[in-house]
Amino acid sequence: MSVKAKKTRKPNESIAVKILLSILIWGMGLAMIVPFVWMLSTSFKGVNDVFSFPIEWIPRRPTLNGYIALFSGRVSFVTYLFNSVKVVVIALTGTLFSCTMAGYAYAKIPFFGRNKLFMIKLMTTMLPGMVTMIPTYMIYSRLHLVDTHAALWIGSFCGGTFGVFLMRQAFITIPDSLIEAARVDGAGHFRTFWSVALPNVKTSVATLLFMYFLWTWNDYERPLLYLWSESKYTLPLAVKSFSDDQSTNYPAIMAANVFMLMPIMVFFITCQRFFVESLVSSGIKG
């Protein structure tokens, strides 16, 4: 086979591989989207139209009865939404300051036993949540935090291990010369952290906030454990309770799930640019 024929075949093979990969990726993407589209479509259907075959992706007789049911119960879903937003905002505030400041200290401030202390913190990830559940509940009970939203966000101000690790790795990539230049100019540790280091890791901060937003927003276990009053429920617990009450009203159940998922989608679309930048920059630093 001539050299020219080999050169011609290689580009053709490369194009074929790219086409196959593109088809595979699009197929996987559609497979992930279909359940959400079905859920959204079902939320606008009547109870008798849910299981019609073939599936009506666009309801012939759309109705808002499913969404009306969310606001006509003993407690409106607006209350549950407010509770979730309140917990998430306070938790993300605590996560932002505790994880970034701890990560910066572990990465850029030399102090005695720094690496050993960091390793001890990483070792806490090996403890299953079930092990600490009862001791934590006992502590919160003694502090009279049971049946309060504080039990859901107070731990965020202690710096989650994953968040501290993520921010430490991000701050390590900042050249030490940049930190030293800020100190020569008279900036203290906090000024250097806030004005120099933090703006250089914005993509990592966005990733940190999005991950903890997801975990806090979708948290079902802790509200189930600590919240007793229905008026204090967050959305995951409220959706489960609502699903039990409306066991056969599938449009209303799907409407509740759409109501809970929309803030996640809005948050992701808003911060998508930072996630892409984070992936690209981490790939370059390899």
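We did not get these values from a lab; they are worked out from the coordinates using the rules stated. Nothing here was measured: the structure is a model prediction, and the numbers come from that model. Don't worry about glycine lacking a Cβ; one is built from the backbone with ideal geometry, like all the others, and counts go over all protein chains shown.
Assorted remarks:
- Chymotrypsin sites (Phe, Trp or Tyr not before Pro) restricted to segment 82-163 and DSSP loop, no more than 14 other C-beta within 10 Å: 111, 112
- Size of electric dipole in the chain: Cβ of Lys, Arg +1 and of Asp, Glu -1, about Cα centre, debye, nearest 20: 1120 debye
- Pair-distance distribution of the chain: all C-alpha pairs, bin width 10 Å, starting at 0; shares per bin in whole percent are 5, 19, 24, 22, 16, 9, 3, 1, 0.
- Shown for segment 48-177 is the translational diffusion coefficient from the Stokes-Einstein equation, using the Kirkwood radius over Cα pairs, a temperature of 25 °C and a viscosity of 0.890 mPa s: 129 µm²/s.
- Selected from 229, 113, 99, residue furthest toward positive end of dipole (the chain; charges at beta carbon): 113
- Candidates 253, 201, 144 compared by Cα position along the dipole of segment 70-285: farthest toward the positive end lies 201, with charges placed on Cβ.
- Centre separation in Å (Cα based) which lies between segment 34-99 and segment 112-178: 32 Å
- Among the helices of the chain, those built from whole DSSP H runs whose Cα atoms reach 30 Å or more along their own axis and whose mean Kyte-Doolittle hydropathy is at least 0.0 are 3-42, 77-108, 250-285.
- For segment 68-187, a simple Cβ point-charge model (Lys and Arg +1, Asp and Glu -1, everything else neutral) yields a dipole of about 220 debye relative to the Cα centre.
- Among the trypsin sites (Lys or Arg not before Pro) in segment 52-114, those placed in a DSSP loop whose Cβ has at most 14 other Cβ atoms within 10 Å are 60, 74.
- Value of relative contact order over the chain, rounded to a whole percent, pairs C-alpha under 8 Å and six or more apart: 29 percent
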